[in-house]
Amino acid sequence: MKRIQNLRIDYSGKSLDTNKINKNPIEEFKKWFKEAQRKDILEPNAMTLSTLSANKNINSRTVLLKGVNNKGFIFFTNYESRKGNDIKLNNTVSLVFLWKELEKQIIIKGTAKKISKKESDKYFQSRPRSSRIAAWASKQSKKISYKNELKESFLKYEEKFRNKKIPLPNFWGGFLVEPKSIEFWIGKKSRMHDRTIYLKNLKSWKIQKLYP
């Protein structure tokens, strides 16, 4: 078994040509995301979401991207979860997509804002029934008091909504992350990686290369 410090690979990616890429980073993101889908990467929409707690601790976790539009990136959660409470106090967040199979990474920094209840309900009703019940059953991020508490909660709501439409919980919904910067990273030989960052400047974007 190799020692940790000896674990490395040499990448083989190509540089992004700033004269040929999309002037809008969200359109460039869509292009990269479609490539990840074509390569059959497991959950290409998995992203690391980082938030800042009230006591200035960074909290990171993996969530799933569920939508992209011209304003930004959408994910859903329990608004009373750790991430929800963090965002309530400080809505500056970071999203990271890492696709090792493509030798690519995208880092998004921006602000998270709740989407409309109508939009949240539309997505909620599209989820599998068991997932909708789980949204009601789970007091996300809270402590479990005893072994079967979560299972009992699920069974309770399963019975409550039996043969009924499951309504959207008032504590559950989506966030839209409006980007202020988006960095596209491509792994290259000898660690000479290519980094291209888009920085929001009023309504336009400035494109800049960064040292690896």
Response to the item:
Counting only DSSP loop positions in the stretch 50-136, the trypsin sites (Lys or Arg not before Pro) whose Cβ has at most 15 other Cβ atoms within 10 Å are LYS56, LYS66, LYS71
Worksheet item: Given the C-alpha centroids of the stretch 78-117 and the stretch 160-179, what is the distance between them in whole angstrom?
Response: 18 Å
Response to the item:
In degrees, nearest 10, the alpha-carbon axis of helix 117-126 is tilted away from the dominant principal axis of the alpha carbons of the chain by 80 degrees
Worksheet item: Which pairs, out of LYS71/LYS118; LYS56/LYS143; LYS71/LYS100, put more than 24 Å between their alpha-carbon atoms?
Response: LYS71/LYS100
Worksheet item: By how many degrees, 0 to 90 and rounded to 10, does the Cα axis of helix 25-38 deviate from the longest principal axis of the chain?
Response: 80 degrees
Worksheet item: Does anyone have the angle between helix 149-160 and the longest principal axis of the chain? Alpha-carbon axes, 0 to 90°, nearest 10?
Response: 70 degrees
Worksheet entry | Helix-derived mean residue ellipticity, 222 nm - over the chain, DSSP H n ≥ 4, -39500 (n - 2.57), to 500 | -7500 deg cm²/dmol
Discussion item. Can you give me the distance in nm between label points at ASN24 and LYS122, each placed 7 Å from the Cα along the Cα-to-Cβ direction?
Written reply: 1.8 nm
Fill in: 5 Å binning of all Cα-Cα separations within the chain, expressed as whole percents from 0 upward
1, 6, 12, 15, 16, 15, 12, 9, 7, 4, 2, 1, 0
Worksheet item: What are the chymotrypsin sites (Phe, Trp or Tyr not before Pro) within the stretch 119-156 that DSSP puts in a loop, where the Cβ has at most 16 other Cβ atoms within 10 Å?
Response: TYR146
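Every read-out reported here was derived from the displayed coordinates using simple, explicitly stated rules and does not represent laboratory data. Fair warning: this is a prediction, and the values are worked out from it, not measured in the lab. Neighbour counts run over all protein chains shown; Cβ positions are idealised from the backbone, glycine included.
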